[in-house]
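The values are calculated or read from the model by the stated rules, or taken from the named source; none is laboratory data. Only a predicted model underlies this, so the values are computations on that prediction, with no experimental measurement involved. Methodologically, a virtual Cβ is constructed for each residue, glycine included, from the backbone with ideal geometry; neighbour enumeration extends over all protein chains shown. All accessible areas refer to the heavy atoms of the entire protein, side chains included, with ligands and DNA or RNA removed. Shrake-Rupley method; radii C 1.70, N 1.55, O 1.52, S 1.80 Å.
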Amino acid sequence: MALKQQAQAAERPAITSISPEAAISGGELHIRGTGLARNGRPVVTIGEQPAHLIVASDSYIVARVPESAVIGEVAVSNGLASSNPFPLSVGIQVADSLHPVANPAVDREGNLFSTFSNSRGQKSPVALYKIDTNYNSKPFVTDLTNPTGLAFDRDGVLYVSSRYDGIVYQITPTGNMSPYVEGMGVATGIAFDHDENLYVGDRSGTIFKISPSRQIYVFATLEASIAAYHLAFGPEDYLYVAGPTTSSFDCIYRISRAGEVETFLRGIGRPQGMAFDADGRLYVAGSIQGRRGIHRLGQDGRPQQFVSGPGIVGLAFTPSRSLVVATQSALFRLDVDVKGRPLP
C-alpha cells in the first residue's frame with residue numbers, strides 16, 4: 001500500500017506558482033510546477049472550465065483564461081492525476097455595452113461611473129452610465145459627445161472631460177451637467193490635487209492646471225499622444241502622466257508641484273489608466289515584455305504584473321478593497337484586498 005501511495009504521489013502534478021495571481025477573461029497565466037505534462041498534453045481548468053493552452057511542458061504552462069471562468073481555482077491534470085487547486089482571483093463582469101477610454105470613477109459609496117465615449121465627433125444616446133453597488137447599470141448623462149476622463153472632487157462632484165469640444169463639465173449627483181472650464185484642446189485625462197486644483201491633459205502636448213477660482217495655467221508640456229493623457233496623483237503630490245504614442249516602448253512621466261518633468265518608468269507598451277493604492281504603489285494598464293494587463297510598481301520602481309488581461313484601458317479601487325478593471329467594452333471586479341489611495 002505504501003509503495004502504491006508513493007507511486008500515485010510521484011504521478012501527481014504539483015503547481016508551485018501562478019503569475020499573476022489575478023486575471024480577467026482572455027488573460028494569460030504563467031503556471032510553474034513539476035510533473036505538469038507527465039503523460040502527454042496537460043489539461044488546465046479554472047473552476048470547472050478548461051483553459052486554452054499556449055505553451056505546455058512538464059514544468060511550465062501558459063494558459064488563457066476562458067470567458068466562462070468565474071471561480072478562481074486552477075488545477076492541472078497530466079493524464080495520470082490532477083494537482084491540488086491553486087488560488088486565482090478571476091474578474092467578474094459587472095457591466096457591459098460600454099466604451100471606456102480611461103479609468104472608471106468610484107464615489108465614496110462605491111458606485112461606479114463609466115463612459116460610452118464613441119469615435120471622435122460621434123455622439124452616443126448615453127454618454128455616462130452609473131453602476132450601483134448591486135451592479136445595476138443606468139444611464140446617468142446623455143447630452144455629451146466623447147466623454148473621456150472622469151474624476152471626483154472633495155465634495156463628491158463628478159467632472160468629465162470631452163475630447164470633442166475641449167470642455168470639462170461638472171456633473172451633480174442627480175446627473176445635471178454644466179461647463180466648468182473651456183479651451184482645454186483635446187481634453188483627455190483629469191485629476192485633482194490636495195489643494196483642489198484640477199489638472200487636464202490636452203493630448204496634443206499640454207497639461208493645464210485650473211485653480212479653484214478657475215484660473216488657467218500651463219503646468220507642463222510633453223510629447224503629444226495619439227490617444228490620451230492619463231493622469232493620477234501619487235505620493236508627495238507628484239502628478240503621474242501616461243500617454244501612449246506610436247512606440248511600443250513608452251514612458252510614464254512624473255511632474256513635481258513646480259512643473260518639472262522627469263521620466264518615471266520607461267519601456268511600457270501603450271500605457272493607459274493609472275491608480276495608486278494607500279501604500280503609494282502605482283498600478284498602470286499596459287504591456288511590459290509582452291505581458292498585457294495591469295502592472296504594479298513597488299517601492300523600488302520595478303514593475304510586476306498584477307492582473308492579466310487584454311484590452312484594459314483603466315482601473316479604479318473601490319471602498320470594499322476590490323479593483324474595477326475597464327476594458328474597451330466592459331467593467332470587471334476583482335477581489336484583491338487592496339485599499340486605494342483616498343480621494344483628495
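A few notes on this one:
A quick yes/no check of all residues on (1) acidic (Asp, Glu); (2) free of Cβ contacts under 8 Å to residues at least 60 places away in the same chain:
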site	(1), (2)
Thr148	no, no
Ala151	no, yes
Asp155	yes, yes
Leu158	no, yes
Val168	no, yes
Asp202	yes, yes
Gly205	no, yes
Phe208	no, yes
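- Matching residues in the range 151-188 - criterion: being more than 16 Å from Pro139 (Cβ to Cβ), outside any strand (DSSP E or B) and of a type in the set (Val, Ile, Thr): Val157, Ile167, Val186
- Taking every residue in the range 289-300 that is among the basic types (Lys, Arg) and pairing it with any residue that is open to solvent by less than 10 Å² (accessible area, probe 1.4 Å) and not in a strand (DSSP E or B), at least 6 positions away or on another chain, the pairs with Cβ-Cβ distances below 7 Å are Arg292/Gly309.
- Total residues in the range 214-232 satisfying the condition of being of a type in the set (Val, Ile, Thr) and closer than 9 Å to Thr245 by Cβ: the figure is 1.
- Any hit, the range 119-128, residues being at pLDDT 95 or above, open to solvent by less than 20 Å² (accessible area, probe 1.4 Å) and either aromatic (Phe, Trp, Tyr) or under 22 Å from the mean Cα position of the chain (by Cα) (or both): yes
- Residues that are within 16 Å of Pro13 (Cα to Cα), open to solvent by 50 Å² or more (accessible area, probe 1.4 Å) and not small (Gly, Ala, Ser), drawn from the range 42-81: Val43, Asp58, Tyr60, Glu73, Leu80
- Within the range 160-184, being open to solvent by 10 Å² or more (accessible area, probe 1.4 Å), at pLDDT 95 or above, within 25 Å of the chain's Cα centre (by Cα) and of a type outside the set (Lys, Arg) holds for Tyr164, Ile167, Tyr169, Gln170.
- Thr148 being out of contact with any strand residue (DSSP E or B) (no Cβ under 7 Å at 6 or more places or on another chain) and either in a strand (DSSP E or B) or β-branched (Val, Ile, Thr) (or both): no
- Restricted to strands (runs of 3 or more DSSP E) entirely inside the range 235-344, those with at least 2 residues that are open to solvent by 10 Å² or more (accessible area, probe 1.4 Å) and out of contact with any helix residue (DSSP H, G or I) (no Cβ under 8 Å at 6 or more places or on another chain) are 250-255, 261-268, 282-288, 291-297, 303-308, 312-317, 331-335.
- Qualifying residue in the range 26-38 (condition: open to solvent by 60 Å² or more (accessible area, probe 1.4 Å), at pLDDT 95 or above, out of contact with any Asp or Glu (no Cβ under 7 Å at 6 or more places or on another chain) and under 22 Å from Arg292 (Cβ atoms)): yes
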